[in-house]
Structure formats: structure tokens, C-alpha cells
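Structure first, then comments.
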Ligand code: NAI
């Protein structure tokens, strides 16, 4: 077998949350190209249906903050071989002025949502004795960004990284690997406001050794690696893809 075959996903079903656009869409596209049957599960059916059609994927509406919906989707699909928890949001409010709803909204999508989906699909994976979960965490789970304030986001992503380790330890002996990627600044609708704010943009570029943002397609190969048999001995890992940001 060629080493390249380890990256193939033929015959596997991958569910990618938050994949109607941005990083998630490129992940879905990459996994489909590697041979997987892909289901995009997203809050936004307007964009999601077209996105799915464009890459030969299926679309399922899903709000990851709803644990019952995650359980129902996993049951409807009969589980999955690969789950990518990618849905995420950010709120840029100074910590001391953070409205309750902002804190809760970020935690519900970025951390609770990851757990609900891991639990729902993890049950099926454990029952079949194999599976691979990859979550989109962030370098914000390792460092605290500036100049923009985003305490809830940073805390939620640190939570994803540690949840990854916790689930990896629990499920390793039962054939289920759990990893995450930790991207740096990536050009998507999520970072649009920041790029339009000169002070933020300047700092982001200055503090990234490579001096630029990532394209969403530059995150997808890291997810493919972790999702595939190429990473058969890798679990509990946070793979940083940040143009060197966390070096400084
Ligand atoms: P985006 O805003 O372009 O896309 C997010 C997607 O998630 C959208 O399709 C949206 O409809 C979906 N979504 C939001 N809430 C949802 C919910 N409750 N249930 C289901 N789907 C939901 O964002 P982007 O930039 O593509 O981010 C994707 C992931 O990457 C997020 O977890 C984000 O935190 C993470 N990330 C992004 C970075 C960046 O610089 N853009 C850097 C590091 C991590």
C-alpha cells in the first residue's frame, strides 16, 4: 500500500458541522475529494444546500446547540465514520461589558455544541468500534488574541482542546480517535470585520510570522490528515496551523 493511500477516505461517511461556508466548506470539499461521502450539517440551509450540491455532498439542517437535534441527526444518518465539529461563532466584547447572552451564545455553539455532537456520533462510533473525530479549535485556545477582546471565544476554544484530550483518553482503547486543529487567522466571513478594522488587521499581520492570513483551503489538509488512517496512532492532539503565530 502506498503511503498516499492512507489519506484516502473511500467508503467512509463524514459529517461536517458549520460547513455551509468558510473553513468548514473547504474541509467538506477536501474530505469529499479524498473519497468520503460527505454530509454538511449547518444552521444555514440557504447557503448550505447550494454549498453541499456544489461538492456532491448531502445537506442536513442542524443547530449544534440543541443536544436532541444532534442525537436525532446521528440516529437518522446511522452514525458516521468521521465527525468534524467545525461550527463556531465569535463575539468581540470587552470582558467587563460582556452581556450574559454573548457569553452564553459563544459557549453554547463553540463548546457545548462540540460536546453534543461528539456524544451523539461518538455513541455510534463506539458501537461500531471505529471512528475519527476532528474539531476546529483555534490558536485562541492556546494564546489570548489582541487587540480585539474575545474572552468567551478564547475560553471556549481552550475548552475544545481539553475536551479533545479527555474524550481521546476515554475512547482510545475502543477504536475512536479524537483530535482537533488550531488554526490561526483565516480569511472567512468570521474575520471580515477584523480585516476591515485597520488596527486589528495591522496587528494580526504583524504578529503572524508568515505575514498573512490563511486561506480556508490551507486548514483542510490538516483535518484530512487527522481524520484519515495517516494519523492512525494520533489521538488527543491539537494540530496548530497558524503561520507561526504561536511561535512568538
Ligand atoms: P464562518 O462564520 O465563515 O462559518 C461558520 C459556519 O458555522 C457557518 O456556515 C454557520 O452557519 C455555521 N454555524 C454557526 N452557528 C451554528 C450552529 N449553532 N449550528 C450549526 N452551524 C452553525 O466561520 P469560519 O471562519 O469558517 O470558522 C469555522 C470554525 O473555525 C469556527 O469554529 C471558528 O471558531 C474556527 N476558527 C476560525 C478562524 C478564523 O480566523 N476564521 C481561526 C481559528 C478557528
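Quick notes on this structure:
- The single condition among (1) outside any helix (DSSP H, G or I); (2) within 13 Å of the ligand (Cβ to nearest atom); (3) surrounded by fewer than 23 Cβ atoms within 10 Å (Cβ to Cβ) that residue 79 does not satisfy is (2).
- Filter pass, residue 18 being near the ligand (Cβ under 9 Å from one of its atoms) and closer than 18 Å to residue 228 by Cα: no
- Within the stretch 216-248, considering residues that are in a loop (DSSP other than H, G, I, E, B) and in contact with a strand residue (DSSP E or B) (Cβ under 7 Å, 6 or more places away or on another chain), the one farthest from residue 164 (Cα to Cα): 243
- One residue stands out among those in the stretch 171-190 that are touching a helix residue (DSSP H, G or I) at 6+ places or on another chain (Cβ under 9 Å) and away from the ligand (no atom under 13 Å from the Cβ): the one that is farthest from residue 241 (Cα to Cα), which is 174.
- Residue 112 assigned to a helix (DSSP H, G or I), over 15 Å from the mean Cα position of the chain (by Cα), on the phi < 0 side of the Ramachandran plot and within 16 Å of the ligand (Cβ to nearest atom): no
- Residue count for the stretch 125-157, restricted to those that are farther than 20 Å from residue 207 by Cα, more than 12 Å from the ligand (Cβ to nearest atom) and either under 19 Å from the mean Cα position of the chain (by Cα) or in a loop (DSSP other than H, G, I, E, B) (or both): 7
Values in this text are rule-based calculations from the coordinates and carry no lab data. The shown structure was predicted, so the numbers you read here are calculated from the model rather than taken from an experiment. Methodologically, a virtual Cβ is constructed for each residue, glycine included, from the backbone with ideal geometry; neighbour enumeration extends over all protein chains shown.
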